[in-house]
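The structure appears right after this line, and notes come after that.
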Amino acid sequence: MTIKRTFSAVLAAASLTATIAFAAEVPGGDFARLSSQYASWAGGKSNADALVGGMRGGTPVTLVTPSGVGRSASIVGFTPAAPMTYGAIQAALSGARQTLARLGVNNPTAEQIQAALIGGELELASGNTRMVAGTLVPRG
């Protein structure tokens, strides 16, 4: 019985340590909050997770636009210049969404999100293109 109690106490302490470590790594659930906030705009949870995770870690981001009416599937990617804080990620995504909304793009493709974030030529629904400045600078 003493071994069971000791094991239970060790297990509880390990669980508490893991919970504290996770909470320290993701203060206030910022990853989940940002991903959820931008999932619809980004074309789904996997794209939103890729954006927030890649920007947070400064690692490659891959976005996918599934095939739909009048368009084929596409994949684009970029790498942020450096890891970003959650506040900087919020600012970059908000700025990209505002840039696209000003141009009449409310349900952007992966290519349009990429252009709004890293800059470049943006194709509009009308078939016209516009050059936009990105809200972050990619690495190599």
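Okay, residues lined up against (1) touching a helix residue (DSSP H, G or I) at 6+ places or on another chain (Cβ under 7 Å); (2) surrounded by 13 or more Cβ atoms within 10 Å (Cβ to Cβ); (3) in contact (Cβ under 8 Å) with a residue 12 or more places away in the chain:
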{"residue": "A39", "(1), (2), (3)": "yes, yes, no"}
{"residue": "G57", "(1), (2), (3)": "no, yes, yes"}
{"residue": "A96", "(1), (2), (3)": "yes, yes, yes"}
{"residue": "N128", "(1), (2), (3)": "no, no, no"}
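Identify the residue in the stretch 44-62 that is among the aliphatic types (A, V, I, L, M) and part of a helix (DSSP H, G or I) and, among all such residues, is farthest from the chain's Cα centre (by Cα).
M55
Could you check how many residues of the stretch 130-140 are free of Cβ contacts under 8 Å to residues at least 60 places away in the same chain and either surrounded by 13 or more Cβ atoms within 10 Å (Cβ to Cβ) or not β-branched (V, I, T) (or both)?
Of the residues in the stretch 130-140, 6 are free of Cβ contacts under 8 Å to residues at least 60 places away in the same chain and either surrounded by 13 or more Cβ atoms within 10 Å (Cβ to Cβ) or not β-branched (V, I, T) (or both).
Where residues in the stretch 96-136 are among the aliphatic types (A, V, I, L, M) and part of a loop (DSSP other than H, G, I, E, B), which of them is farthest from G44 (Cα to Cα)?
My answer is A133.
For G57, only one of the following conditions fails: (1) under 24 Å from M131 (Cβ atoms); (2) at pLDDT 95 or above. What is its number?
All conditions are met except number (1).
The values are calculated or read from the model by the stated rules, or taken from the named source; none is laboratory data. Just so it is clear, the structure is predicted and the values come from calculations on it, not from any experiment. So basically every Cβ, Gly included, is an ideal-geometry build from the backbone, and we count neighbours across all protein chains shown.
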